[in-house]
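Participant: Encoded as structure tokens, here's the structure I'll be asking about.
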Amino acid sequence: MPIYNLDVRSVIFGNNDFIGRHDNENILLAESTGGVVTARDHINGREVLKSFVPIVGQSTTVIGITFDLGTIQNTLLRQLSVQAMISLGLILFTAAASSFLAAFIIRSLNQILSKVNEIAQGNFGVQVAVTSSDELGLLASRVNTMSHNLQTYTTQLKDATEEIRHTKQYLESFVNHTSDAIHVSDLSGYLIQINKAFETIYGWSEPEALGRRLDNVPEEYHEEFQKVLDIVKNGGSITDQETVRYSKNGNPIDVSLTISPIRNESGDIVAIATISRNITARKHTEEVLRRSEKLSVVGQLAAGVAHEVRNPLTTLRGFVQLLQQNEKLTPAYFDIMLAELDRINFIVSEFLVVAKPQAVHFQLINVRDTLRDIVMLLDSEANFNNVQLVTYLDEQVPLVMGEVNQLKQVFLNVMKNGIESMPSGGELTIELRYAPPEGILIRITDQGSGIAEPDLSRLCEPFFTRKEEGTGLGLMVSQQIIDNHKGSMNFKSQLDVGTIVEIKLPLPPAATTAIEK
């Protein structure tokens, strides 16, 4: 009975007339092992494949199956070819589909890569289209933001660079074309930059100056220069310091220095910049003006003294001529002559004070007691002129350093001027106040005719006076005395109201306590 296998072809059973050389061995091997034994053999010139299948029961039966190996191989090759074609088709399809899918997937990446390349070349204008909200869409959005920010920063950087370039050109033009010498040195004093004016003023060229320390400070200015360096290195600045420096050929130059520190980004001082202005010509001009002023003052003094002395001399000459004629004079004429001689002596004495100030010896002075002495001295003269002296003297006033006789001369001059300004009488007020931190204040107020505004600025000029018998030297000498005491004297006046004279004297450095009553 035929039995059909899976490929629907019948299997023919029959007698086994084809016994191979090793069949018996394979049958015995199948029986002993209980497993299928397969072997190749040749039958009638054809290669076959034999399988020996043991069937175990009451007795073991071995079934031998013989296959045409060529038929099997052809069938397998045919099936293999078909499967290979199918596999190749599937591979090609998969490759095509993968390529299409990959192209679709990386299209956004290509756009992003293209944008990144353009950014790398400096083109920030093109934007990547964001078509999804996935990771690629987020990446594209970030690339667009980065491009925008880079464009903004690049624009700002270009503007800043342009501004810095203009500033650099401006500063270079300023530094190189200014008439002031500018040089920059490190903290050790070695020059690292100079301008053209430096070469003109000091004489050193740029190759000669850079990298070296200039020893152009006169020996007598070394200590001053070191103090200046200490101030600048500690963050301070020096402005318009007038001093002297040497040029390359050793000639001294009067200069005005402005020195300031240069700091880095961290705020640390890394260099020192110095601006030097040649003031030699200005100093010469000032000296000429000073000499001219001295000559002018001498001329004024000479003219004033000549004028003041000529008047009493004219009187004396007239009396002497009268004596020659009459050979006698009345006692009254002698009194006049003596008064005129005293006047000449007074004028010459004040002139000597101006021409040759006397040596002074400063000591601690009780100004309150000094004022009381002057008030007592002038009390009778004040009463004779119907003037009342009114005093307001603080009980506790610190001592001051001064020359008591000179200060008495100042107070006496001012008080006498106040009394003389009140021919019809009035009050002369003398005040003494402690005015820290300036020092002490002496205020003398009269009720006289006052001083016109144009005359206030000329009060201390030599020989300027509105009094018929005045010399104009009293206030000038008083002002000089107060200046020597490091004080000040100011005038306030109003016509037909009176005049106020304020004298301020400084306290000595160690004066911290007031005088006890």
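The values are calculated or read from the model by the stated rules, or taken from the named source; none is laboratory data. Just so you know, these numbers come straight off a predicted model, no measurement behind them. Backbone-built Cβ (ideal geometry, glycine too); neighbour counts: all protein chains shown.
Participant: Of (1) over 26 Å from the mean Cα position of the chain (by Cα); (2) loosely packed, with under 14 Cβ neighbours inside 10 Å; (3) assigned to a loop (DSSP other than H, G, I, E, B), Val217 satisfies all except one. Which?
Facilitator: (2)
Participant: So for the stretch 217-225 (the condition being in the same structural domain as Ile182 (by TED's automatic domain parsing) and in contact (Cβ under 8 Å) with a residue 60 or more places away in the chain), does at least one residue qualify?
Facilitator: Our first condition is that a residue be in the same structural domain as Ile182 (by TED's automatic domain parsing); within the stretch 217-225, this holds for 217-225.
Checking which are in contact (Cβ under 8 Å) with a residue 60 or more places away in the chain leaves us with none.
No: zero hits.
Participant: To continue, here is another question. For Lys486, all conditions in the list (1) surrounded by fewer than 19 Cβ atoms within 10 Å (Cβ to Cβ); (2) at pLDDT 85 or above; (3) not in a loop (DSSP other than H, G, I, E, B) hold save one; what is the number of the exception?
Facilitator: It is condition (3) that Lys486 fails.
Participant: Let me ask something else. Taking the stretch 53-97 on its own, how many of its residues are polar (S, T, N, Q) and over 30 Å from Ser32 (Cβ atoms)? Can you show your working first?
Facilitator: As a first pass, look at the stretch 53-97 and keep what is polar (S, T, N, Q): 58-61, 66, 71, 73-75, 79, 81, 83, 87, 94.
Imposing the further condition that a residue be over 30 Å from Ser32 (Cβ atoms) reduces the set to 71, 73-75, 79, 81, 83, 87, 94.
Residues that pass the stated criteria total 9.
Participant: Oh, and also: Could you give every pair whose Cβ atoms fall below 6 Å, whose first residue belongs to the stretch 434-462 and is in the same structural domain as Gly402 (by TED's automatic domain parsing) and within 16 Å of Tyr392 (Cα to Cα), and whose second residue is part of a loop (DSSP other than H, G, I, E, B) and not aliphatic (A, V, I, L, M), counting only separations of at least 6 or pairs across chains?
Facilitator: Taking only residues 6 or more apart or on different chains, the pairs are Tyr434/Asp394; Asp446/Ser421.
Participant: Please go through the stretch 374-399 and pick out each residue that is closer than 16 Å to Leu412 by Cβ, surrounded by 13 or more Cβ atoms within 10 Å (Cβ to Cβ) and not aliphatic (A, V, I, L, M).
Facilitator: Asp379, Glu381, Asn385, Thr391
Participant: What number goes with the only condition from (1) exposed (fewer than 11 other Cβ atoms within 10 Å of the Cβ); (2) more than 27 Å from the chain's Cα centre (by Cα); (3) modelled with pLDDT of 85 or more; (4) of a type in the set (D, E, K, R) that Glu223 does not pass?
Facilitator: Result: Glu223 fails condition (2) only.
Participant: Starting from the stretch 16-29, keep only residues that are among the basic types (Lys, Arg), then list their pairs with residues that are at pLDDT 75 or above and surrounded by 11 or more Cβ atoms within 10 Å (Cβ to Cβ) whose Cβ atoms are within a distance under 9 Å, requiring at least 6 positions of separation or different chains.
Facilitator: Arg21/Asp41
Participant: How many of the residues making up the stretch 177-205 are within 23 Å of Thr280 (Cβ to Cβ) and acidic (Asp, Glu)?
Facilitator: Of the residues in the stretch 177-205, 2 are within 23 Å of Thr280 (Cβ to Cβ) and acidic (Asp, Glu).
Participant: Looking at (1) in a loop (DSSP other than H, G, I, E, B); (2) modelled with pLDDT of 75 or more, find the lone condition where Ser133 falls short.
Facilitator: That leaves (2) as the condition not met.
Participant: Also, quick follow-up: If you take the residues of the stretch 154-185 that are surrounded by 12 or more Cβ atoms within 10 Å (Cβ to Cβ) and either touching a His at 6+ places or on another chain (Cβ under 9 Å) or of a type in the set (Ser, Thr, Tyr) (or both), which of them is nearest to Val255 (Cα to Cα)?
Facilitator: Thr178
Participant: Which condition number in (1) at pLDDT 85 or above; (2) under 26 Å from Asp230 (Cα atoms); (3) surrounded by 10 or more Cβ atoms within 10 Å (Cβ to Cβ) is the one that Ser188 fails?
Facilitator: Condition (3) is where Ser188 drops out.
Participant: Being hydroxyl-bearing (Ser, Thr, Tyr) and in a strand (DSSP E or B) is the filter here, so list the residues in the stretch 439-461 that pass it. Break it down stepwise before answering.
Facilitator: First pass over the stretch 439-461, keeping only residues hydroxyl-bearing (Ser, Thr, Tyr): 445, 449, 457.
Answer for the stretch 439-461, where residues must be hydroxyl-bearing (Ser, Thr, Tyr) and in a strand (DSSP E or B): just Thr445.
Participant: What do you reckon, is Val270 of a type in the set (A, V, I, L, M), touching a strand residue (DSSP E or B) at 6+ places or on another chain (Cβ under 7 Å), within 14 Å of Ala181 (Cβ to Cβ) and part of a strand (DSSP E or B)?
Facilitator: Numbers: of a type in the set (A, V, I, L, M): yes; touching a strand residue (DSSP E or B) at 6+ places or on another chain (Cβ under 7 Å): yes; within 14 Å of Ala181 (Cβ to Cβ): no; part of a strand (DSSP E or B): yes.
Considered against the rule, which asks whether it is of a type in the set (A, V, I, L, M), touching a strand residue (DSSP E or B) at 6+ places or on another chain (Cβ under 7 Å), within 14 Å of Ala181 (Cβ to Cβ) and part of a strand (DSSP E or B), Val270 comes out as no.
Participant: Starting from the stretch 141-167, take each residue that is outside the structural domain of Ser114 (by TED's automatic domain parsing) and closer than 15 Å to Asn123 by Cβ and list its partners that are surrounded by fewer than 11 Cβ atoms within 10 Å (Cβ to Cβ) and of a type in the set (Gly, Ala, Ser), counting only C-beta distances under 8 angstrom and pairs at least six apart or across chains.
Facilitator: Gln151/Gly125; Thr154/Gly122
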